[in-house]
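First the structure, in the form of C-alpha cells, and then the observations on it.
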Number of protein chains: 4
Amino acid sequence: MIRAGVVGASGLAGGELIRLISGHPDLELVFLGGSSNAGRRIDELHPGLRLARLPTVEPVGDDLADRIDVLFLATPAPVSARLAARLANRVPVLIDLSGAFRIRDQRNHEHWYPKVERTEDLVDGFVYGVPELIGDRLAEASLISLPGCFATAMTISLAPLVLDLGLDLPTVVVDGKTGSSGGGLQLRSANLHPYRSGAIAPYAPVGHRHAAEVAEFLARGKPGSIGSLSMSAYGVSTVRGLLTSCYAFPAQEVSQRELHRAFLRFYKANRFVRVRRHTETLIPVPDPQAVLGSNYCDVTVLHDEEGGRVVVLAALDNLVKGAGGQAIQAANIRFGLPEERGLEQLPVVPA
Amino acid sequence: MIRAGVVGASGLAGGELIRLISGHPDLELVFLGGSSNAGRRIDELHPGLRLARLPTVEPVGDDLADRIDVLFLATPAPVSARLAARLANRVPVLIDLSGAFRIRDQRNHEHWYPKVERTEDLVDGFVYGVPELIGDRLAEASLISLPGCFATAMTISLAPLVLDLGLDLPTVVVDGKTGSSGGGLQLRSANLHPYRSGAIAPYAPVGHRHAAEVAEFLARGKPGSIGSLSMSAYGVSTVRGLLTSCYAFPAQEVSQRELHRAFLRFYKANRFVRVRRHTETLIPVPDPQAVLGSNYCDVTVLHDEEGGRVVVLAALDNLVKGAGGQAIQAANIRFGLPEERGLEQLPVVPA
Amino acid sequence: MIRAGVVGASGLAGGELIRLISGHPDLELVFLGGSSNAGRRIDELHPGLRLARLPTVEPVGDDLADRIDVLFLATPAPVSARLAARLANRVPVLIDLSGAFRIRDQRNHEHWYPKVERTEDLVDGFVYGVPELIGDRLAEASLISLPGCFATAMTISLAPLVLDLGLDLPTVVVDGKTGSSGGGLQLRSANLHPYRSGAIAPYAPVGHRHAAEVAEFLARGKPGSIGSLSMSAYGVSTVRGLLTSCYAFPAQEVSQRELHRAFLRFYKANRFVRVRRHTETLIPVPDPQAVLGSNYCDVTVLHDEEGGRVVVLAALDNLVKGAGGQAIQAANIRFGLPEERGLEQLPVVPA
Amino acid sequence: MIRAGVVGASGLAGGELIRLISGHPDLELVFLGGSSNAGRRIDELHPGLRLARLPTVEPVGDDLADRIDVLFLATPAPVSARLAARLANRVPVLIDLSGAFRIRDQRNHEHWYPKVERTEDLVDGFVYGVPELIGDRLAEASLISLPGCFATAMTISLAPLVLDLGLDLPTVVVDGKTGSSGGGLQLRSANLHPYRSGAIAPYAPVGHRHAAEVAEFLARGKPGSIGSLSMSAYGVSTVRGLLTSCYAFPAQEVSQRELHRAFLRFYKANRFVRVRRHTETLIPVPDPQAVLGSNYCDVTVLHDEEGGRVVVLAALDNLVKGAGGQAIQAANIRFGLPEERGLEQLPVVPA
C-alpha cells in the first residue's frame, strides 16, 4: 500500500481527497494535516465522511517525511509555497493543488500571485500540467503542480486546436461558469446561500489567473500559437461543476468534421476525457451535471460558420477532475498504476 | 382607464403581464385570450394570481377590437404573425412580444424564423426596439414589436459603444446565461427539475437568433460599426433573470473612464437602466438576482487592458424587462404616461 | 406623509422594510439606523436597492424621536429590548419585529430568551399578534410587537380551529420548513451555499421558541384549548418563503366541509389570508413560491380521515408577511389607512 | 460473475442500477429492458453514462430467463405486477423495486394500489423489507420486494422503538420531505424547473401509501405496537435525497440516553445505517446532502421533553438507499456476498 497524506484536510479539496483515497485500493490514508483545525476529528469537519479508521487532523511535523510515500497539498498557495520549501527534498512525492508553482515565468507569477514567494530552484523541480498531456514526465516526477479547475478545462479544450490541428489563434475569449464549491468555504456575504442561490455573479469579469497558466503552458507546447487569451469568470447557482466556453477565432479554415475528429484522435487514449456531440443525449452536453462526482471531463467542439468561431465547451467536477481526482490520477501515473485506479466511479446523475 | 387585453394568458410572459397590469393605475385588464386553455380561470393556470375581478381565458373573437385600447401578444411567433395579420388594422395599439416582427430584412427573417410568414406591409408598420432607444417613434406607433430578452440586454450593452462612443467593433462575442423561465413551460426532459437544477446547459452554443435582431438594429443606427456578432446561450439553475456578457474588441483605443462615463451619459434620462460599478455593492454586479421582479436592467462596462477587450455585462429579469414589464413600459410611452407608471416596484432581493 | 425610520437597516428584514416603504404612498423614509454599518450607504448593503433619495445608515441618536412618526425595529431581540427601553415613551409609534416582547409570561420569556432583559411595565405596554387577529387593539397601540415568521403562519393556521370552531386540541405537532433568508446573513458554514443548497437541514428538531408565543397567544384567546404544541424546524433550499404544517388531533369530530367553511368565514374580511383548496391550481398549494414577494399568507385545511388528523398548511414569504410586510400592515392599521396600502404587489411567480 | 438484468432502464432508478452494477466487481450487466425506449442506446437516455460495453434497451423476451441470474424491476407497479407474474418461476432471482408486492394484506393493497392486480400465491412468494431487518430471509429468497424510499427511512426510524425498546406508539405522525428525483421524469407542470425550484410543495398532505407498508411490516414484527401512523409528504428544491421526521408519542417513559443507545445497539452490525448525534458535524444532521450518492441512511433520535415526543429523523439518497443501492444490497445478501460489495462509495459532499 502507498501511504498518503493530505494537508488542508478541512477544506473542500481536502475532503474530496479523503473521500477518494478512502476508496482507493492501493492508497492508504495515514496523515491528515491542518493548522487551524488541528486536533479535530475529520467527521466533524466533513459531514459526509465517517471513516472506520478515523485520523485526527494534525499539524505538519518534522517526522512526516518518514511516514508517507506521497503528500497532497490542498492548501492555499502561500501555505503550499512554504510547505513545499520545507518538505521538497524529504517527501518522496509531493503533489500541490494550489497555484504556487503553476506559472513558471517569475514576472508572470508575481503579477498573479504577488504574495506567494518561491525560489527558482524549487519552481524548476516541479512538473506542471493536465495529466493527459504530461503523462511521460509525471511518471518520473517527485514534485507535481496541478492546474487550476478552470485551467484544466481550458487546456483540454485548446490543446487539440493548437497541438494537433496546429491552428493559430490570434484571439481567444474564455467564459467560465462555476459552482459555489469552487470558492471553498470562505465566510463572506457573497458566498451565503441567500445571495448565491439564483445568482449569475460576475466575480472575475476581467483578469483571471487561470488564463495565465494555460497561455504559458500552451506557449511551451507551440510558441506563438495563441495571441490574446482573456477570461471572464462567473459564479452560478450550482454547487459542483464548471463549464468553460472557449471562443477562438482561428487564422486557418477548419471544418466541424475536422474539429470533431481531431478531438477524438487527440484524446483516444484518455479515458477521462469524453469527446461528445452536443446533442447526443437527452440534455445538451457538455454540462457539468453529467460528470458530477466523477473524474471525467466532457468536451465538445463546434464550428460556428456565421461567426467564424470555433467554440469548445468543457465540463468537469471542479472538486474531482478540477482538484482531488486529478491529483489521484497524477499519483496513479507517478506510482505506475493505471491512471483510473480508484477513480472508476461513474457520475452521480441527476443530483 | 386604458382597456388592455393579453393573448397568451396562460404562458409565463402572459402571467407577468397580468400581474403588472393588475397593479397598474391606468390600465384595466379586460380581456385574456388563449386557445388551448379557453374557458379556464386564470388562477388555475397561475398559482400566484387570485384576482378580485377574475377574467376567464377566451378565444380571440372578432369583436375584440371594440373592447380594448391595447392588445399585448404574448404568443409564439407563428401565432403572433397570424393574429397581427388579422387584427393590425382594427386594434388601436398592438404590442407583440414574439420574434415575428423583430427582424426587418426578409431573408434574414426567413433564416431565423422559417415558419413565420408575414407580409412586407405589415413588417413596415411595426416599430421595433428597446423603449429607451426608440422613445420618439414609440409615442406614435400603433404596431410595436419588442426585442427578445437576450436582445434587450445586448442592445443596452452595445448601443453606447456604437452610438455614443462611435467605436467600430469588428468582433463581438456574446455569452448569454439565462434562468429556466426563459424557456417557458415546455414539457421536455431538459426542463424538468432533476435535469435543470444544477445545470450549466449549453442549449444554443452556436447561432442564437437574438443576435440577428441586435445586429440589424445597431446597423440601422450606425451602418458597418459591428463586424461579426456571434452568440452562445446557456441555461443555468436560476428561475428568473439573465446576464449577457458582450466581449467586444474595438478598433479604437478607449479607457475605463471614458467607457463608464459614456454609459452614464447615454442612459442619464433612463430610469430603468442602472449603470453600476462592478464592486459597488456587497455582491458582484450586475447580477440578475439584484433586479428580480423589477423592470431594471443593470449594466456595467469594463475595460480589460490585457485582453484589449471591452466587457459589457447586462442583467435583467427576463419576464419583466425582458418581456411583460418592457411591454408595459412601451404602452406607457405610447399612451403618453410616464414610462415607469405601474413599474415602480423595487427588486425583490434576495429571492 | 407619515415619517418612518428603520433600525437594523443592513439586515434582510431591514432591507425589506426599505423596499416596501419606498413604494408606499403615505410613508416617507426619513431615517435608517444601524450600529456596525453606520456611515455606509444603503445601496452598498442591499444590492437590489438604489434609491433616488438615499439615506445613509446612522447611529440611533437622542434626537430621533422628533424626526419620525413611526420607528420599525428590525434588530436582534437584545438590541430591540434596549432600544425599546430607551425610546418607548418618546417615539409616537414603535413597531418591533424581534422576539423581545412577544412572550408575555416572564418565566416563559426567560426560558426562550435568556439574554433579553425587559421590565414588566414595558411588556404590558406592547400589543402583540398577527394583525388579522388583533386589528382593534392595533388601532390604538403605540408599542407593537409582531410575531415571528413561523409564528405568523402557525397562528393563522390554528386560530380558526380554536377560536371559530372551538375545537380542543390535546396534541398539536408543527413541522416548519423555511428558506435560507429566515436565518439572516449570519456568516457560518451551515449558511454557505455549498452546504445549504440542496439541504434538508433539521436545524431545530426539538424546541423552537416560535411555538411558545403561539401557544400563549391562543391560550389567551381560549384557555386550555391546546394541550401540547411542539415544533420542529427545517431549513430547505429555498431563499424566501416558509411553510408550516400543523398536525392537530382534535377531541371533537369535524368534517372537511366544516373545516374549509370555518376558514373561509374566519378570514372573510382579511385580504392577505387566501384560503385555498389543495388542488385549485397547477401546482399543489399552499406553496410559499406562490406568494413570493407579497404580503399574502396562503392557507389550506385538510381532514385526514384515516389518521384522525386535521392538517393545516400555511405558506408565506418570511421577509414580507413574516417580517417587513406585516410590519407595514400593522402601521397602516395604526395610522388609520387601509391595511393593504403599499402592499398591493401580487406575488412574483415563478421565481 | 453474476449476470444481472434491469427492466425500466430508462427511468431514474434504472439509471442508478446501471451506474452501480457497472462498478460492482461481482455483477455483470447483461440485459437492459424497456418498452417505450426499446432500441435506444443507454447513453442517449442517461447523460452521465457512457459505458464501454454498451447494451441497447431491449423488450423483455421469453429467452430472458436463460441469460440472467438476477433481474431488477425498476418499473411502475402495474408493469412489475405483470412482469413478475410472467417471470416469477423462470428467473432465478427477481428483485422488484415497485409497490406491487409491498403490502401483503389484499384489502389494504387494493386501497392503495387499485390498479395493480396480483395473485395471492405470488404475493406469498415475495420477501419484503429493509435488508437490515430481514437479512436471514433474504438469503434464501427468490422473489424480493423492496420498500419505497420513504418507507425505508420510516422503517429504519421506527423499528428500534418498537422492536428493541418495545415502546407502544399510539400516535405517530410522519412528515416526509423529498427531492425532485423521487417523482421520476414525469412530464407535468409541477415537475418543471420554474415551478419546482424553490418550491415547498405539499404534494401528498394526507394519505401516502408508503405509510401503509411500514405499518403492516411493523405490525408483523410486534402486533399492536403502533396505533395510528399518518404521513404527509412534501417536495422540496433538492434533486436527490429525502428526510423523514417521525413524531411519536410513546405510552412509556423513555430518556434521550436510552433512545440513542437503543439505536446504536440495534444497528451495530449494519454498516449502512449511521446513527448520528444531531450536532456532531458542522451542519445539522441527518441531512440527505451528507449521504448523496451513497447507500447510507443517517438516523438521529431525539427526545423532546416538553412535547413528550420522540423525534426520529432519517436521511437517505432516494435513488441509492431508497432504490438502486438497496436493491444491490439485497442482491449481495441473496448471493452470499458482503452486503456492501459494490456499494462502498462515500457520499459526494457537498453537491
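Where a number appears in this text, it was derived from the coordinates with a stated rule and is not lab data. Keep in mind it's a predicted model, so treat the numbers as computed, not measured. When we count neighbours, we look across all protein chains shown, and the Cβ atoms used for this are built from the backbone with ideal geometry, even at glycine.
Please average, across the residues of A:337-350, the number of beta carbons from any other chain that are within 10 Å of each residue's own beta carbon, and give a whole number.
6
Can you list which of the DSSP-assigned H helices in chain C have a Cα extent of 18 Å or more along the long axis and an average Kyte-Doolittle score of at least -0.5?
C:209-221
Compute the separation of the alpha-carbon centres of segment B:289-308 and segment A:196-241 and state it in Å as a whole number.
Taking the Cα centre of each part, segment B:289-308 and segment A:196-241 sit 18 Å apart.
Rounding to the nearest 20 debye, state how big the charge dipole of segment D:38-86 is about its Cα centre with +1 on each Lys and Arg Cβ and -1 on each Asp and Glu Cβ.
160
Would you mind working out the magnitude of the charge dipole of segment A:237-283 relative to its Cα centre, with +1 at each Lys and Arg C-beta and -1 at each Asp and Glu C-beta, to the nearest 20 Debye?
Roughly 300 debye, rounded to the nearest 20.
Assuming a ≥ b ≥ c are the square roots of the Cα gyration tensor eigenvalues, decide whether segment C:138-221 counts as rounded (a/c under 1.5), prolate (otherwise, with a/b larger than b/c) or oblate.
Oblate is the answer for segment C:138-221, as a/c is 1.5 or above yet b/c matches or exceeds a/b.
Under a point spin-label approximation (7 Å from Cα along Cα-to-Cβ), what is the B:F335-C:E120 distance to one decimal in nm?
6.1
So what's the back-of-envelope 222 nm ellipticity for chain C, counting only DSSP H runs of four-plus at -39500 (n - 2.57) apiece and dividing by all residues, rounded to 500?
-7500 deg cm²/dmol
Rounded, prolate or oblate: which fits segment C:211-351 when a ≥ b ≥ c are the square roots of the eigenvalues of the alpha-carbon gyration tensor, with rounded for a/c under 1.5 and prolate only if a/b beats b/c?
prolate
Among DSSP beta bridges whose residues both lie in the protein assembly as shown, state the antiparallel percentage, nearest 5.
Taking every DSSP beta bridge within the protein assembly as shown, about 45 percent pair in antiparallel fashion.
In whole Hz, what ³J(HN,Hα) sequence does segment D:181-189 give by Karplus (6.51, -1.76, 1.60; θ = phi - 60°), x for Gly and Pro?
Coupling constants for segment D:181-189: 5, x, x, x, 10, 5, 7, 9, 3 Hz.
Starting from segment B:159-238, pick out the trypsin sites (Lys or Arg not before Pro) whose DSSP state is loop and whose Cβ has at most 13 other Cβ atoms within 10 Å.
Here the trypsin sites (Lys or Arg not before Pro) that fit, given the DSSP loop and packing criteria, are B:R188.
Size of the dipole of chain D about the Cα centre, Lys and Arg at +1 and Asp and Glu at -1 on the beta carbon, nothing else charged, in debye to 20?
540
Quick one: which residues, 5+ away or cross-chain, put their amide H under 5 Å from the amide H of C:H208? H built at 1.01 Å from N.
C:M231
Take C:K321, D:K268 and order them by how many other Cβ atoms sit within 10 Å, fewest up front.
In order of increasing Cβ crowding within 10 Å: D:K268, C:K321.
For each of A:D69, A:D62, B:D175, count neighbouring Cβ atoms within 10 Å of the residue's Cβ, then give the residues from fewest to most.
Going from least to most buried by this count: A:D62, A:D69, B:D175.
Near the amide H of B:S228, under 5 Å away, which other amide H atoms are found, from residues 5 or more places off or on another chain, if H is placed in the peptide plane?
Here the answer is B:T171, B:V172, since their amide H atoms fall under 5 Å of that of B:S228.
According to the square roots a ≥ b ≥ c of the eigenvalues of the Cα gyration tensor, what is the shape class of chain C, taking rounded for a/c under 1.5, prolate for a/b larger than b/c otherwise, and oblate for the remainder?
Note, shape of chain C comes out prolate.
Taking a threshold of 23 Å on the Cα-Cα distance, which of the pairs A:K177/A:K321; A:K268/B:K177; C:K115/C:K222 fall above it?
Where the Cα-Cα span goes over 23 Å, the pairs concerned are A:K268/B:K177; C:K115/C:K222.
What is the antiparallel percent of DSSP beta bridges lying wholly in segment B:198-351, to the nearest 5?
Of those bridges, close to 85 percent are antiparallel.
Which far-off residues, 5 or more places away or on another chain, put their amide H under 5 Å from the one on C:V273, with H placed in the peptide plane?
C:C297
So for chain B: antiparallel DSSP bridges make up what percent, rounded to the nearest 5?
The answer is about 45 percent antiparallel.
Would you kindly derive the ³J(HN,Hα) couplings of segment D:40-49 from the backbone phi angles with the Karplus curve 6.51 cos²θ - 1.76 cosθ + 1.60 (θ = phi - 60°), listing them in order in whole Hz, with x for Gly and Pro?
8, 7, 5, 7, 6, 8, 10, x, x, 9
Would you mind calculating the relative contact order of chain B from Cα pairs under 8 angstrom and at least 6 residues apart, reporting the percent as a whole number?
17
Please rank B:H278, A:H210, fewest neighbouring Cβ atoms within 10 Å first, as an exposure proxy.
If I rank by nearby Cβ atoms, fewest first, I get B:H278, A:H210.
Explain nothing, just compute: Karplus ³J(HN,Hα) = 6.51 cos²θ - 1.76 cosθ + 1.60, θ = phi - 60°, for every residue of segment D:90-106 in order, whole Hz, x for Gly and Pro.
So the J values, rounded to whole Hz, are 10, 8, x, 9, 10, 10, 9, 8, 8, x, 4, 10, 7, 8, 7, 4, 5.
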